[in-house]
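The values are calculated or read from the model by the stated rules, or taken from the named source; none is laboratory data. These numbers come from a predicted model, not from an experiment. Virtual Cβ from ideal backbone geometry, glycine too; neighbours counted across all protein chains shown. Quick note on the areas: whole protein, heavy atoms, side chains included, nothing else; ligands and nucleic acids left out. Shrake-Rupley method; radii C 1.70, N 1.55, O 1.52, S 1.80 Å.
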Amino acid sequence: MISLRYHVVSICSVFLALALGVILGSTTLSNSLLSGLSGQKDQLASQVSDLQTQRNTLNAQLADGDSFATGVGPLAVRGALTQRSVVLISTANVSQSDEDALSGLLTAAGATVTGKLALTDAFSDPNRADQLRDLITQMIPAGAQLPVASDPGTLAGGLFGALLLLNKTNNQPQATPDERASALSGLASGGFIQPASQVLPGQLAVVLTGGAQTGDDAADRASMLARFATQLQRTGAGTVLAGANGSADGSGPIGVVRADSSASSVLSTVDDEGTAAGRIVTVLALQEQLGGKAGSYGTAGNAQAPLPGTPSS
């Protein structure tokens, strides 16, 4: 007769066998899984190493290319702007080194940089728009007329054009020295521009901007700067809006201009001004503006061509 003890021993033996099977199976599975993961880790580490090598090679090539463009830049633009005068206007996110490098190349092209003006963050701040608009209407020189548009970007472009650009018809100043000094002093007191040393009017203008705008009001700031530069172009003999990488996307002023055919048909844009090659293109775009032409240049996807005179992409 099979006793209760026998049943208990049999059941215990079954559970013990199951437990041993689970342990042995999981150990085998774990070893297999760990072995597979280890292999994948080694493969990924190799891929990362290869990508880092490729990145370092590309960075070295870019540095060499930039050094070459810096060296040949003065030769490439020599005589392009002989006896021309240019005003530089920079937004708050432009580095001093970029501004100085472009100024030097303009001089090498034969141009005279008649003044440099630095805008502040407040200039494109939508929360300060009403204050800027009111100030502009008080600062307009006698005989000058503001655009009929009511947005602060267009109005500012009209005022700055009258103050900083020569009349494109007769090549004469559009404001007296006292009117210009008073207006710039008022804008500086309002916090919209940095206090400036002597600024004389020029025939041409370059509006320098950094990369993409940031923050919740990025779109409003980009739109304001785009309208400002566009109206500035309509006031003088020519204007180029030049920016660093990222300025041509949807959150940058160059991207706003390129998305508007009425603006891009008159205002030239350069999206890689932060490079030596981009600065050369900026000078050549200014030269093209003198001939009544405009284009969208640079390396961004929405650029027409790398530089003036090359086939559209």
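Output the direction-averaged projected area (hull surface divided by four) of the convex hull of the alpha-carbon atoms of segment 231-288, in nm².
Average of the hull's projected areas for segment 231-288 equals 3.7 nm².
Between residue 218 and residue 290, what is the spin-label point distance in nm, taking each point 7 Å from the Cα along the Cα→C-beta axis?
3.7 nm
By per-residue mean of other Cβ atoms within 10 Å, what is the highest-first order of 285-291, 80-86?
Put in order of decreasing packing, that is 285-291, 80-86.
If r is the Cβ-Cβ distance from residue 265 to residue 96 and R0 is 51 Å, what FRET efficiency results, to the nearest 0.05?
The computed FRET efficiency comes out at 0.95.
Determine the sum of side-chain charges near residue 147: Lys and Arg each +1, Asp and Glu each -1, restricted to other residues whose C-beta is under 14 angstrom from that of residue 147.
+2
Pop out the carbon and sulfur fraction of the accessible area of segment 155-196 as a percent, whole number, probe 1.4 Å.
The value for segment 155-196 is 47 percent carbon and sulfur by accessible area.
Taking each pair of distinct Cα atoms in segment 272-313 once, what is the resulting Kirkwood hydrodynamic radius in Å?
Answer for segment 272-313: a Kirkwood hydrodynamic radius of 10.2 Å.
Let me make sure I get this right: for segment 189-249, a, b and c are the square roots of the gyration tensor eigenvalues over alpha carbons, sorted descending. Under 1.5 in a/c it's rounded, otherwise prolate if a/b > b/c, else oblate. Which is it?
oblate
Straight-line reach from residue 168: which lysines have a Cα under 23 Å away, not including same-chain ones fewer than 8 places off?
Straight-distance partners of residue 168: 116, 293.
Can you pull the one-decimal nm distance between simple spin-label points at residue 194 and residue 131, each 7 Å off the Cα toward Cβ?
2.0 nm
Using a/c under 1.5 as the rounded threshold, could you call segment 99-191 rounded, prolate or oblate? The axes a ≥ b ≥ c are square roots of the C-alpha gyration tensor eigenvalues, and prolate needs a/b larger than b/c, oblate otherwise.
oblate
Given the Cα-Cα distance of residue 82 and residue 112 and 0.36 nm per residue of separation, how much length would full extension add, in nm?
9.9 nm
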